[in-house]
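The values are calculated or read from the model by the stated rules, or taken from the named source; none is laboratory data. On a predicted model such as this, the values are computed, not experimentally measured, just so you know. Cβ placement follows ideal geometry from the backbone for every residue including glycine, while neighbour counts extend to all protein chains displayed. Note: accessible area is taken over every heavy atom of the protein model, side chains too, but ligands, DNA and RNA are not part of it. Shrake-Rupley method; radii C 1.70, N 1.55, O 1.52, S 1.80 Å.
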Amino acid sequence: MVVGEVAVETDVLIIGGGPGGYAAAIRLGQLGKTVVLVEKDKLGGVCLNRGCIPSKALIHTADQFHKLTDLGKMGIKLPEESITMDLNAWQGWKGGVISQLTQGIAHLCKENGVTVVQGQATFLSDDRVSVETEGDFETYKFEHAIIATGSRPFIPSFIEVDGEYILDSTASLQLQEVPASLSIIGGGYIGIELGMAFAKLGTKVTIIEMADRILPQVAQHLVKEVIHNAQKLGMNIKTSARVEKASVVDGQVYLHIHSEKLGTEMIVSEKSLVTIGRIPNTEELGLNRAGVNVGGKGHITVDMECRTNVPHIFAIGDITPGPALAHRASKQGVVAAEVICGMPSANDSPYVPYVIFSEPQIAGVGITREEAERQGYSVKTGKFPFSANGRALATNEMKGFAEVIVDEDSHILLGMHMVGPDASNLIGEGVLALELAARVEDIALSIHPHPTLSEVWMEAAEATLGHAIHIINN
């Protein structure tokens, strides 16, 4: 930067164009603010370009491919030798999906008066940012700033991701061919989602997880059906095991793993995928020059208005403590935008839903029975299996159940959880119910359309009250 260089002035400068950053930019534009949105890569961030959207595209494709082998019982006969998966062709389809979405975001930004700048932003002070754009530098002076730089995969120091044999999640979604074998380091939601997808495409998958079970952050009874399905898909799951060394020899990945039960053993695979967590992108922003405090793990603490310790600088998304979820980031972005514009907005809801696109899907909102009991509630629960739902039977997807957690004294819903088909969409009813402080009777008395999967919520609520129609009430 040249001393004395004139800075471009803007009301709000946003660093990061992912789900939180672009949502904040659009909302600010709607409210009449001048906005500069700085993104070093592509609009939509990791979620749209390298994470949420492409991974769900792969999962959906793998689901469709796998279902073809199960159509015989419905009378549909396909010659098995003609069913193939062209992952290279899939890459083209995936690219079209991403392109359509990124173009849509760019159009929305333009229509709302947002200036998008591609470059790397660094704070110079608490009201100025330098942006490096293709070898040049521009300076922006702002009244408010929103930091929305997201996160990246955590890679242990003893593992070298080369993008060819040892992969991170981004590289795994760029493969041109289905690997014959894949070892996955980490049995959290990313490892399980991608592992099950590749297993459905014919890959021999091994999961290595340090905890005593996969998906350790999810209630154990919700994971049992996923474990059963993983075994049916031929996946090899090794729990209470850690990887001590990874190497590539003659085009194969060798993982040295150790567990107390089996000691040291070797896993050999064509590819290996590292999915053991994510870390916030806060190191290279010059936050110390802006006076923004950063915690030991790289997170920026914010209040319910998404303010940092510097009142006119906000932070949202994966760089703040809490679940690293795109929908949480988007909500925070809207809150930050509205607070900047003087509106009474806050990120004060405890009801952030989670979704795992496993087989079957898992989704939930609120607390589990165990959490409710630890918090001192007198609890009632109701559970209804998909195997007793007409729509689930008619579509050959009857694994899993819906469960409601209720305060026995007030009948107010405390949590709604589900493992089963289309749980990712069905959990929306649970979010709304908890946000409205609904009672279990509100779900039970609401007429749900038939035949649909949504009826499982109604019958789970009725089971809590002791009068579900399609199961024996205990």
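Odds and ends about this structure:
- In the stretch 434-455, of all residues being assigned to a loop (DSSP other than H, G, I, E, B) and touching a Gly at 6+ places or on another chain (Cβ under 8 Å), the one that is most open to solvent (accessible area, probe 1.4 Å) corresponds to HIS450.
- Remark: GLU459 matches the filter, which requires a residue to be closer than 24 Å to ILE356 by Cβ and either open to solvent by 40 Å² or more (accessible area, probe 1.4 Å) or not in a loop (DSSP other than H, G, I, E, B) (or both).
- Criterion: touching a residue at least 12 places away in the same chain (Cβ under 8 Å) and of a type in the set (Ser, Thr, Tyr) - qualifying residue of SER82, SER99, SER157, SER151: SER151
- Elements of the type helices (runs of 4 or more DSSP H) sitting completely within the stretch 326-400 and holding at least 3 residues that are among the basic types (Lys, Arg) and in contact with a Cys (Cβ under 7 Å, 6 or more places away or on another chain): there are none.
- All positions within the stretch 250-299 that are part of a loop (DSSP other than H, G, I, E, B), within 21 Å of the chain's Cα centre (by Cα) and either surrounded by 11 or more Cβ atoms within 10 Å (Cβ to Cβ) or small (Gly, Ala, Ser) (or both): THR275, ILE276, GLY277, ASN281, THR282, GLY298, HIS299
- Any pair with Cβ under 9 angstrom, 6 or more apart, that starts in the stretch 308-324 at a residue that is of a type in the set (Ser, Thr, Tyr) and ends at one that is surrounded by fewer than 15 Cβ atoms within 10 Å (Cβ to Cβ): THR308/GLY291; THR308/ASN293; THR308/THR301; THR320/THR301
- Complete set of residues in the stretch 339-366 that are under 30 Å from ALA197 (Cβ atoms) and of a type in the set (Val, Ile, Thr): VAL352, VAL355, ILE356, ILE362, VAL365
- Criterion: open to solvent by less than 20 Å² (accessible area, probe 1.4 Å), out of contact with any helix residue (DSSP H, G or I) (no Cβ under 6 Å at 6 or more places or on another chain) and in contact (Cβ under 8 Å) with a residue 12 or more places away in the chain - qualifying residue of VAL339, VAL431: VAL339
- Where a residue in the stretch 377-399 is assigned by TED's automatic domain parsing to the domain that holds SER410 and its partner, wherever it lies, is hydroxyl-bearing (Ser, Thr, Tyr) and open to solvent by less than 70 Å² (accessible area, probe 1.4 Å), with Cβ under 7 Å and at least six apart: LYS380/THR464; THR381/THR464; GLY382/THR464; ARG391/THR452; MET398/SER387
- Of the residues making up the stretch 217-239, those that are open to solvent by less than 20 Å² (accessible area, probe 1.4 Å) and not small (Gly, Ala, Ser) number 6.
- Being within 20 Å of CYS52 (Cβ to Cβ), open to solvent by 20 Å² or more (accessible area, probe 1.4 Å) and over 15 Å from the mean Cα position of the chain (by Cα) is a description that applies to VAL334.
- Only a single criterion out of (1) open to solvent by 10 Å² or more (accessible area, probe 1.4 Å); (2) modelled with pLDDT of 95 or more is not satisfied by MET418, namely (1).
- Test: residue in the stretch 15-24 that is in the same structural domain as THR115 (by TED's automatic domain parsing), open to solvent by 40 Å² or more (accessible area, probe 1.4 Å) and within 30 Å of GLY342 (Cβ to Cβ): yes
- Residue within the stretch 395-408 that is among the small types (Gly, Ala, Ser), more than 22 Å from GLU435 (Cβ to Cβ) and surrounded by fewer than 17 Cβ atoms within 10 Å (Cβ to Cβ) present: no
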